[in-house]
Amino acid sequence: MPRGPRSLAMQTMAFCIFAMAYDLCFGYTNQCSLGHSVFFGVGAYGVVLSLLHLQSGILLGLLIAFVAGMVVAFLMGSICVRLTEAYFVIVTALFSAIFHLLSLDMTWLTGGDDGLSVTLPDISVGGVRLSLYDPMTNYYFILVFFLASYLLMRRITEAPLGKVFISIRENEKRAAFLGYDPFRYKLAAFVLSGAFTALAGSIYALTLRYATADLFGLYWSIIPIVWCLIGGVGTLVGPCIGVALMFFFQYYVSAWWTHYLILFGVLILVILRTSRKGLLGYLLGR
Amino acid sequence: MASEVASALLFYLVNGLIWGLIIALIALGLSFIFGVMGIVNMAHGDLYMLGAVFAYWIFSALGNFWLSLLIVPVAIGLLAAPTERLILRPFEGHPAVTMIATAGLSFILQQLVLMTYGGVPKELPMPLQGSFDFLGVAYPLYRLFIAALSLVIIASVWLFLHRTDYGILVRASMQDKEIASAMGINVNTVLVFTFVLGCVLAAVGGVLAAPVTQVFYLMGNDVILLCFIVVIIGGLGSLGGTLVAALVLGGVEGLLAYFLSPTGARAAVFAFMVGVLILRPQGLFGTQRG
Amino acid sequence: MKRVIRGLLVVGLAVFMVSGWAIAKEPIKIGMLADKTGGLAAYGYSHEKVLKAAVKKINEEGGIVGRPVRLYVEDTESKPSVGALKFRKLVETHGVDFVIDSNSSGIAIACAPVAKELKTPYFPSAGATEISGEKGNRYVFQPCTNVREECKGAASFAVKNIAKKWVTVVVNYAWGWSNEKEFKKYVEQKGGKVLKSIRVPLGTSDWLPYLRKIPREAEAVYFANFGSDFLSFIRDLYAVRPDIKKLGAVYVLSAQDPAKLGPAGEGLYCITSYPTRLEGLNTEYNRKYRSLIGVDPEGLEIGIGKRFVLAYDWAVWESMFLIKAAIERSGWRSRKDTSKVIEALEGMKFKESVEFPQGSGYIRAEDHLAIVDLYIEQIVGGKLKVAARIPAAKGAYPPIVDRTKESF
């Protein structure tokens, strides 16, 4: 596989995990969180700090990051999920801003904006040593996590749990009448979403061998919404299309025209105008 | 010793309040756009930036700063009106969609300015020279002026909404579009008008702030989050709430900056706001529940 | 039969010669990580223009060992994550053999491990000390001066010529903190004293509350900020302490017009690695360099009249010629020879010339840092004049690492 597209594919898959995770929260339970950069950053730093200070190895580092994301999402969700729409958005945004500011300040821990780079140890699995510095190994490693995340999240959305999510999204009051406590289910969606976002962040940090406080920034809270809306919200696959589209612009179009964001902005408007269900909805609707 | 601390705190407080007034002006614009039309305007900071950039261009071309206060509202109005009617109208009522649509507009605006104005931050000289002795510091007169002007503008907007016929129509549409329409109010015109008003307020804030903050194509990113926070904390639908929230934000952060590190002060203020919203989810003066 | 064989030999020789010629003419690919958009957009623009001029000069004069240079430019968007992605793209998709630039320390630090992984020599023009320290590696060079070098070099001038009692005011992130730490260390070594360290968030429009904290006994302020922060700072400082002396870090005056600062800027000193005005370094080499990159004697872009950001442009220009010299000296032909080119760079001396207009110096073998002269500029009558030239030895601190012991 040619090197350039392979590196691009690796980054794309990492972001796809993020996009799908965000869709669980946004697409399936209609919670428009602006705080997901918290989980992304927690995931990235979770694995990097585990490698640097705990010498934990990559797999354990990923697990630590995943659990950390889950815990932070639970704590944040307990506060935020009960709030109604606009207030939910703003409070999650506030959390994101607080984490960003603190991470910029606490350079002893996070390296601030300059960030922390890390040397990756080999992975020992069943007597086999794998090095992520080998490009094909790196690629398959990410592919495995991407597919696993997709399958897991697909399972969740098609399971009874997922059906409850959707019913809450469609009509929260009705769901409550049927005996489902919307708060618990929305919180569950939020926590799952946060955990998988942390996984995405840790995979991303492994790909870059680097984490930075910048990952807590507002940009990383807004971009998943862009991915979901232009790709097709509530479908898991749609957001991945959104990721691919944005990467296409950032990777290829930017070399052709520095101000590619103008084209991308126009594309966003066109897609939103033609199909509320994003690109996927448009393609399927045909 | 105590008086030294007291005078330092007073200085920080007043300074913070003055900044709060500028934020209030910009956030007021957002309160209209977000509160009335349900548009989560991610490009609101860029309107602030456009006001500053236009002020720079007008000053460079005509040598006069004050003309910006006349020209910018017209220019922004000419840009904003068709944008609302043609681009954003179909999205209104769907907050998340408006968020991303305006994010797209934000990308476009920022890059257009980068292409024309360039990437170098530039200075606009203060149109009002002179200072007065405020607690041992030569406090620039211009800062007091923009605080005063912001108050005047905010008061004018309030008067307009509460004392003029058209203003009452706007408020009626704010309360309930369907009933207003049923009563014969041309809601479409009101929507365009409201949007233009919101954009113009942000741009005027940019014009006033330009000589103090300097003009850079990404300067909108500094204010956007603050504006949303202020609007929500103040309470959706309450313009007075926006003003109070902005003043509280400016004042508290100003005071905290004396004790804490700069980022610490900002983080503490945000944490405080999280507390406010948990205890009072409709904001300080909110009339609507989310 | 003989004729056929002779014919074949001639054809074979011709093919061999043509293919040899083709290989010899194969371009040397250079990648550039330009900060074309984002917070550092002004630097990306000027750095790209300068590097393109360098490549043009080389190609007009026959290339490097007869091979043309081809330049690939990618935008970092001033973000480390995008920068690292584009570094990979330059090497993996475009096949470049050397990467030059980003101005951002964050991007340089993020790309350093990638440079080692992809075995590509990397020449960022960022000033963080860590780049030639803990966060660098054998593939990373620092062709510009770094913060420690600058503070050490300026310290004795600061204490002798400006003041003994200082306060530092820096922007609240790594570059600012580094300046704060290094200035304090070296000034106090030279007999001065730093009374207080003040940190201000990036993008602060209102510096008054922070500057009020300046102790009354402080005679001078050392500051590290730039762009709109600098402008706000200088104005608010004048309101609080019009009497205080000022020394700024490298970058503070980037793209600023000193005349516009008015009385607030008069008498201000700043450290720089390259004088803004031709008058400060009026050599034939600097004149030629400036004409090639299109900058007039005052520092404005010729034909456009905009203020050109000059701070580390010379490092971008000289990086290209460092690579050229290293290729010529080591006999580098392709990526297989990368270790040879790195060894050629370690300890390489360069003489003041059009290729090295900033002055003579050398790349220190142990940490890959450029050891060159520094300048102190001062705003006098609204114009920048060179107040002192600081010999390289004053800024050269003992290296903290020894890369020559590092394996490739």
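The values are calculated or read from the model by the stated rules, or taken from the named source; none is laboratory data. Since this is a predicted model, take the numbers as computed values, not measurements. Every residue, glycine as well, gets a Cβ built from its backbone with ideal geometry; the counts of neighbours run over all protein chains shown. Side chains included, ligands, DNA and RNA excluded: accessible areas come from the protein's heavy atoms. Shrake-Rupley method; radii C 1.70, N 1.55, O 1.52, S 1.80 Å.
What the table shows:
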read-out	value
Cross-link table C:Lys152/C:Lys260; C:Lys213/C:Lys394; C:Lys213/C:Lys245, entries beyond 24 Å C-alpha to C-alpha	C:Lys152/C:Lys260; C:Lys213/C:Lys394
For segment C:58-69, 3J(HN,Hα) per residue [Karplus equation, 6.51 cos²θ - 1.76 cosθ + 1.60, θ = phi - 60°, Hz, x = Gly/Pro]	4, 5, 5, 9, x, x, 9, 6, x, 9, x, 9
Prolate/oblate/rounded call for chain C, Cα gyration tensor, a/c under 1.5 rounded	prolate
Whichever aspartates and glutamates have a C-alpha closer than 16 Å to that of C:Lys349, once near sequence neighbours (fewer than 8 apart) are set aside	C:Glu318, C:Glu328, C:Glu366, C:Asp367, C:Asp373
Partner lysines for A:Lys277 [C-alpha distance under 27 Å; skip if fewer than 8 residues away on the same chain]	A:Lys163, A:Lys173, A:Lys186, B:Lys177
Within the protein assembly as shown, helix-based [θ] at 222 nm, where runs of 4 or more DSSP H residues each add -39,500 (n - 2.57), nearest 500	-19000 deg cm²/dmol
Estimated vicinal HN-Hα couplings, Hz - segment A:115-130 in sequence order (Karplus 6.51, -1.76, 1.60; Gly, Pro = x)	x, 10, 9, 9, 8, 8, x, 6, 9, 9, 10, x, x, 9, 9, 10
Separation in nanometres of the label points that stand 7 Å from Cα toward Cβ, at A:Val253 and B:Phe272	4.3 nm
Whichever lysines have a C-alpha closer than 17 Å to that of C:Lys116, once near sequence neighbours (fewer than 8 apart) are set aside	C:Lys86, C:Lys89, C:Lys135, C:Lys336, C:Lys340, C:Lys405
The protein assembly as shown shape via C-alpha gyration tensor axes, a/c threshold 1.5	oblate
For C:Gly294, distant residues with modelled amide H under 5 Å away	none
Total formal charge among the other residues, if their Cβ is under 9 angstrom from that of C:Thr404, Lys/Arg +1 and Asp/Glu -1	-2
Pairwise label distance in nanometres, C:Lys260 with C:Val4, each label 7 Å out on the Cα-Cβ vector	8.0 nm
Distant-in-sequence amide H partners of B:Leu236 (H built 1.01 Å from N, under 5 Å)	B:Thr287, B:Gln288
Cα gyration tensor shape of segment A:38-177, rounded if a/c is under 1.5, else prolate or oblate by comparing a/b with b/c	oblate
Label-point separation in nm, C:Arg287 to A:Met106, each point 7 Å along Cα→Cβ	5.9 nm
Within the protein assembly as shown, percent of DSSP bridges classed antiparallel, to nearest 5	50 percent
Phi-based couplings in Hz for segment C:362-370 (Karplus 6.51, -1.76, 1.60; Gly and Pro marked x)	7, 9, 5, 5, 5, 10, 6, 8, 6
Solvent-accessible area of A:Leu147 with every protein chain in place, 1.4 Å probe, in Å² to the nearest 10	80 Å²
At least 18 Å along the helix axis (C-alpha) and Kyte average at least -1.0, DSSP helices within chain B	B:2-30, B:44-62, B:67-82, B:95-116, B:141-163, B:187-213, B:220-234, B:239-259, B:262-279
For C:Tyr72, distant residues with modelled amide H under 5 Å away	C:Ile30, C:Gly31, C:Met32
